[in-house]
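Some notes on the structure that comes next.
Each value in this text was obtained by applying a stated rule to the coordinates, not by laboratory testing. The structure presented is a predicted model; accordingly, all values stated were derived computationally and were not measured. Cβ placement follows ideal geometry from the backbone for every residue including glycine, while neighbour counts extend to all protein chains displayed.
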Amino acid sequence: MKKLTLMRHAKSSWADSDIPDIDRTLGERGRKAAGLLGKWLESSGNAPDQVIVSSATRCQETWELVSEGLSNNPTVVTEAGLYMASPEAILDIIRNVATGDNVLVIAHMPGIGSLARALRVDPAPAHTAFDKYPTGGTTVLEIPSDWAALDFGTTHLDTYITPADLG
């Protein structure tokens, strides 16, 4: 069975309001959170073999710090179309780009959180932050078939976690 991990980028910095949104970097809290998420992916057996990541600076930095906690070296695809994408657009990107058995997608709200909610057939997790899907929010879903057949309401929730849960 394949796994799909949907991660919202870690907390960005708002120190310079003149920086275009796509170029915002991570703040200190975000850098710490991304490192914790990488260690969690590794220790929980959810290390990806492929990563599809938005071209936005905060997503690229999130991935760089997540990757430091992994023992493997997954294939990485930077996808500009993930920047502020709708759930439908993210789903199309996954269908067309995913080739691994365990794929991590790092993108933005509201698309990534809405996609996590729309893909699963299970009830929402009891986690109080799932509907808000805060920065660093990460959902691991089990995919019952191949990537091309991935659709809304076809996956099973494995795990949902936030950086606050990790320390």
Using amide H atoms built 1.01 Å from N in the peptide plane, name the residues 5+ places from Asn102, or on other chains, whose amide H lies under 5 Å from its own. Lys3, Asp49, Gln50
Straight-line reach check, Lys132, cutoff 25 Å on alpha carbons, 8 or more apart in-chain or any other chain, hits among lysines -> Lys3, Lys11, Lys32, Lys39
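Output the peptides 4-10, 57-63 sorted from most to least packed, where packing is the average of other Cβ atoms within 10 Å over each peptide's residues.
Sorting 4-10, 57-63 by mean packing, highest first, produces 4-10, 57-63.
Suppose the chain between Ala124 and Asp151 were pulled fully straight at 0.36 nm per residue; how much longer would it get relative to their current alpha carbon spacing?
Details: separation 27, 0.36 × 27 = 9.72 nm, distance 1.71 nm.
That pair, Ala124 and Asp151, stretches by 8.0 nm at full extension.
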Sorted by mean Cβ packing within 10 Å, highest first, what order do the peptides 95-106, 143-154, 65-76, 12-23 take? 95-106, 65-76, 143-154, 12-23
In debye, nearest 20: dipole of the chain around its Cα centre with unit charges on the Cβ of K, R (+) and D, E (-)? 340
Provide the convex hull volume over Cα atoms per residue for the chain, in Å³. 97
Checked against the positive end of the charge dipole of segment 105-162 (+1 on Cβ of Lys and Arg, -1 on Cβ of Asp and Glu, about the Cα centre), the farthest of Pro134, Gly111, Ala148 is Pro134
Between helix 57-67 and the chain: long-axis angle, C-alpha atoms, 0 to 90°, nearest 10: 70
Select from Ala129, Ala56, Ala116 the residue whose mean-square fluctuation is largest in a Gaussian network model of the chain (Cα-Cα springs shorter than 10 Å). Ala129
Equivalent ellipsoid semi-axes, segment 45-106, via Cα gyration tensor eigenvalues times 5, rooted, Å: 19, 14, 8
Choice from Lys132, Lys11, Lys32 showing the highest fluctuation, given a GNM over the chain with Cα pairs closer than 10 Å: Lys132
Value of D in µm² per second that Stokes-Einstein yields for segment 1-84, Kirkwood Rh from Cα pairs, at 4 °C (1.567 mPa s): 98
Given the options Gly35, Gly136, Gly81, state which has the largest fluctuation in a GNM of the chain using a 10 Å cut-off (strictly under) for Cα springs. Gly81
For segment 1-92, whose charge dipole is built from +1 on Lys and Arg Cβ atoms and -1 on Asp and Glu Cβ atoms, the candidate among Ala85, Met1, Thr25 with its Cα farthest towards the positive end is Met1
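How long is the gain from Glu68 to Trp14 if the chain were fully straight, where each residue apart is worth 0.36 nm and the alpha carbon distance is subtracted?
Full extension from Glu68 to Trp14 adds 17.0 nm.
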Ranked on Cβ counts within 10 Å of their own Cβ, fewest leading, Tyr160, Tyr133, Tyr83 go Tyr83, Tyr160, Tyr133
Tilt of helix 87-97 relative to the longest C-alpha principal axis of the chain, in degrees (0 to 90, nearest 10)? 70
Do me a favour and compute the ellipsoid semi-axes for segment 128-167 from its Cα gyration tensor, root of five times each eigenvalue, largest one first, whole Å. 24, 10, 8
